[in-house]
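To keep things clear, I will list the structure first and then write my remarks on it.
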Amino acid sequence: AAIEEGRIIADNIRKVITYMLSGTFTETILIGASILLGWPLPVTALQILWVNLVEDGLPGIALTFEKGEKDVMKRKPEGKAISLLTPSMKVIIFAVSIFSDILLLGLFGWLFANSSYSLDHIRTVVFVGLALNSLLYIFSCKSMRKNLWEYNPFTNHYLTLSVVLGMFLLALVVYIPFLQDIFHTTALPGIDWAILFALGIINVALIEATKWFFIR
C-alpha cells in the first residue's frame, strides 16, 4: 500500500511539474521575445499574475487529487536515482511551449501590424490565449502514460470544477467593466474566441502527439 501511494504521489508531482513549468516557460519566452523584437509587451504584469494564480493555480491544485492509474502496481521499480523530469516531460515543457509561443507571438505581431485593434484589445487576445491554453491542456496532463482518448478526462471532479470556474472568472475579467479597467482588457468578439480555442486545441494535439511518440 505504501509503494502504491508513493507511486501515485510521484506521478502526480510529475503531472503538476509538467503543467506548471509549461505555462511559466511559455510566458517567459513570450515576454523575452517581444523585448528582443522591440515590440510592446504582449501581456501586462497583472494579466500574467492572474493567469499564474487563477487559470494555472486552481487546476494545478486540483491535479494533485488525481487518483492512481490502474496499472500503477504493474510497473517495474524505477530506482532511487531516476529524475523527476522524464524525456517526454522535457519535450512537452520546452518544445511544445516554444511552439505555443510561436503561435501566440505570431498572432500578436500580425494583429499589431495589420489590424485596427487597440493595444489593449491585442493584449486581451494574448491574455485569453494563455489562459485557454492552460485550461485546455490540463486534461492532457492527467496522464503521462496514456493519450487523452484512452481515458476519461473528467473523472477528477475537482479538476473539472476548477476549469469551469477558471473559464467563468476569465469571462468576468474580459467583460465586466470595472475589471476591464483594472486588467486593461476589452470585450472580445466571437471570432477572437474561436481562433484562440483553435490554437488551444492545436496545442493539446501537439502534447498528445508527443505523449504518443514516447509511449509507443
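Hey, what did the stretch 29-139 get for relative contact order, percent, Cα under 8 Å, at least 6 apart?
It comes to 47 percent, rounded to a whole number.
Quick one: angle between helix 119-137 and the longest Cα principal axis of the chain, in degrees between 0 and 90, rounded to 10, please.
That helix lies at roughly 10 degrees to the long axis.
Taking the stretch 99-144 on its own, what percent of its Cα-Cα pair distances exceed 14 Å?
On the way: 572 of 1035 pairs.
Tail of the P(r) past 14 Å holds 55 percent of the pairs.
Could you report the chain's accessible area per residue, 1.4 Å probe, as an integer in Å²?
Numbers: 11000 Å² over 216 residues.
Accessible area per residue, the chain: 51 Å².
Could you please state how large a percent of the accessible area of the stretch 1-132 is carbon and sulfur, counting protein chains only and using a 1.4 Å probe? Mind showing how you got there, number by number?
Numbers: 4770 of 6720 Å².
The nonpolar share, carbon plus sulfur, comes to 71 percent.
For Cα pairs less than 8 Å apart in space and 6+ apart in sequence, what is the mean separation divided by the residue count of the chain, i.e. the relative contact order in percent?
Numbers: 214 pairs, mean separation 64.7, N = 216.
In percent, rounded to a whole number, it is 30.
List nothing, just return the count: lysine pairs in the chain, 8 or more apart or interchain, with Cα separation under 15 Å.
Value for the chain: 13.
Apply the Karplus parameterisation 6.51 cos²θ - 1.76 cosθ + 1.60, with θ equal to phi minus 60°, to every residue of the stretch 92-100 and state each ³J(HN,Hα) to the nearest whole Hz, in sequence, with x for glycine and proline.
With the stated coefficients, the stretch 92-100 comes to 5, 5, 9, 5, 5, 4, 4, 4, 4 Hz.
For the chain, state the semi-axes of the equivalent ellipsoid (square roots of 5 times the eigenvalues of the alpha-carbon gyration tensor), sorted largest first and rounded to whole angstrom.
On the way: eigenvalues 221, 66, 41 Å².
Working through the eigenvalues yields semi-axes of 33, 18, 14 Å.
Taking the Cα centre of each part, how many Å lie between the stretch 141-156 and the stretch 96-134?
28
Loop only by DSSP, 12 or fewer other Cβ within 10 Å of the Cβ. Give me the chymotrypsin sites (Phe, Trp or Tyr not before Pro) in the stretch 1-85 that pass, ordered by residue number.
Working: sites: Tyr19, Phe25, Trp50, Phe65; in loops: Phe65.
Sites meeting the loop and neighbour criteria: Phe65.
How do 147-156, 116-125, 129-138 rank on mean C-beta neighbours within 10 Å, highest first? Don't jump to the answer; show the numbers that get you there.
Values: 147-156: 13.4, 116-125: 17.4, 129-138: 24.9.
Output ranking for 147-156, 116-125, 129-138: 129-138, 116-125, 147-156.
So what are the ³J(HN,Hα) numbers for the stretch 146-153, from phi and the Karplus equation (6.51, -1.76, 1.60; θ = phi - 60°), rounded to whole Hz, Gly and Pro as x?
9, 7, 4, 7, 9, 8, 7, x
The values are calculated or read from the model by the stated rules, or taken from the named source; none is laboratory data. This one's a predicted model, so the numbers in the text were calculated from it and none came from an experiment. When we count neighbours, we look across all protein chains shown, and the Cβ atoms used for this are built from the backbone with ideal geometry, even at glycine. Surface accessibility is based on the protein's heavy atoms, side chains included, excluding ligands, DNA and RNA. Shrake-Rupley method; radii C 1.70, N 1.55, O 1.52, S 1.80 Å.
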